[in-house]
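What follows is a single structure, written as structure tokens, with notes after it.
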Amino acid sequence: MNEPDDPQRLADAAPRSPLGELFASAARDLPSDEQIARLAAQLGPTLDAPSAPQASASASGASGLVKLGVVAGALAALVGAGLALRHSSHTAPDAPTPAPNATAPSASAVLTQPPAPVAPLPVIEPATSAGASPSAASDSTSAKSPAVPLKAPSEAALLEQARRALNTSPSYALQLANQHRARFPHGVLTQEREVIAIEALRKLNRGSEAEQRATGFSKAFPGSAHQRMVDEASPK
Amino acid sequence: MTDEPRPSVRQIFDEHARYIWRTLRHLGIPEADAPDLCQEVFVIVHRRLSSFEGRSSLRTWLYGICIRVASEHRRRPHVRKETPLSEPALEVHERQETAPDSTLERRSAVEHMLSVLDEDKRQVVVLYEIEGFSMKEVAEVLECPLQTAYSRLHAARALMLAALNAEKGAEP
């Protein structure tokens, strides 16, 4: 992995300098198998789901309901199972070359526009469920201190709430998705939010809005891994 | 475009996850944030893998994502306010179960040495000295001219050596 013109690495020098010793020890400092296993569990089905197709996937003949189970699973993996990003709004970093804004066609503006005013969230639950991040879950201090004011949910926690609400209260799920759009207009989970919102609209029989949002999604995120889910969640 | 079959996300994870984790840590991401940032990297890999055209190696592509995720993380307002580029102290409570004191001391020493560098130089040092990339690959990952990468490495080594000597001079 070295080229003729490259200087000798400090860790490869003999005898090693103190800096070389430091870098040699840094190279040995890997996470434990347990940490990697936990990370794999948190990523869940994402690791085994096919990556986004280049061309938009055509609808398969499989049952939409079955596929929605996959949607829920994938979202649980992406959103719920520990992807507690704990960040406020930011621009998603992406593959090396394109600047985030350069890759977003104008249709993405539709996805980042603040939604119509929505009622404030009734209750913000602390992230103590299985969906909480390991760091959050291990934060015993916050778990034992209910008197401490709760922080607003992270991007991932907010969407996990929305995902959980999909089956029981699609209107609440939609409200949470819209809250996410207002709070994280450039969040890293924008695509996941849109899938939830489209599915919630479909469950609420608001077909034209679902279709409109699905069209916006397709334009903003061509080739998205979630396109198939969007196709199946939006009315034909 | 190479003719080699594109690996799955799972294969990429199995092969690279622990090194991505290590890289994030050495780029100044606190231990507590490493799992979340690793997840971000692999979520992006999942989204973008089908558009990876093989113009660079998969490894340089992957580390390019890793570098950007770490860089973006540090620019987030709450991170800027709450944590400096380098964590001054280890999350000892989290690591004590698995890491002996000597490991913690070594890690602290590495972190201290890398903390004398700005972000650009630190990236070069981490990729070259720790992750074993060639300088050409370092330049590819960082999307900078090769000569710039060399200059950063040279300057980084001088800074670290000066810091080390200053510490030695300060010892009683």
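Interface residues of region B:47-79, defined as those losing at least 40 Å² of solvent-accessible heavy-atom surface relative to the isolated chain (probe radius 1.4 Å), are listed as B:47, B:48, B:50, B:68, B:72, B:76, B:78.
Evaluate peptide B:12-22: per residue, the Cβ atoms of other protein chains within 10 Å of its Cβ; return the mean as an integer.
What the average comes to for B:12-22 is 4.
Interface between chains B and A: roughly 5600 Å² of accessible area buried, both sides summed (probe 1.4 Å, protein heavy atoms only). Within 10 Å of the Cβ of each residue in A:218-225, the mean number of Cβ atoms contributed by other protein chains is 2. For region A:1-20, a drop of 30 Å² or more in accessible area on going from the chain alone to the assembled protein chains (1.4 Å probe) is found at A:1, A:3, A:6, A:7, A:9, A:10, A:18, A:19.
The values are calculated or read from the model by the stated rules, or taken from the named source; none is laboratory data. Quick caveat, the model's predicted, so the values are computed rather than measured. Every residue, glycine among them, receives a Cβ derived from its backbone with ideal geometry; neighbour counts consider all protein chains shown. Surface accessibility is based on the protein's heavy atoms, side chains included, excluding ligands, DNA and RNA. Shrake-Rupley method; radii C 1.70, N 1.55, O 1.52, S 1.80 Å.
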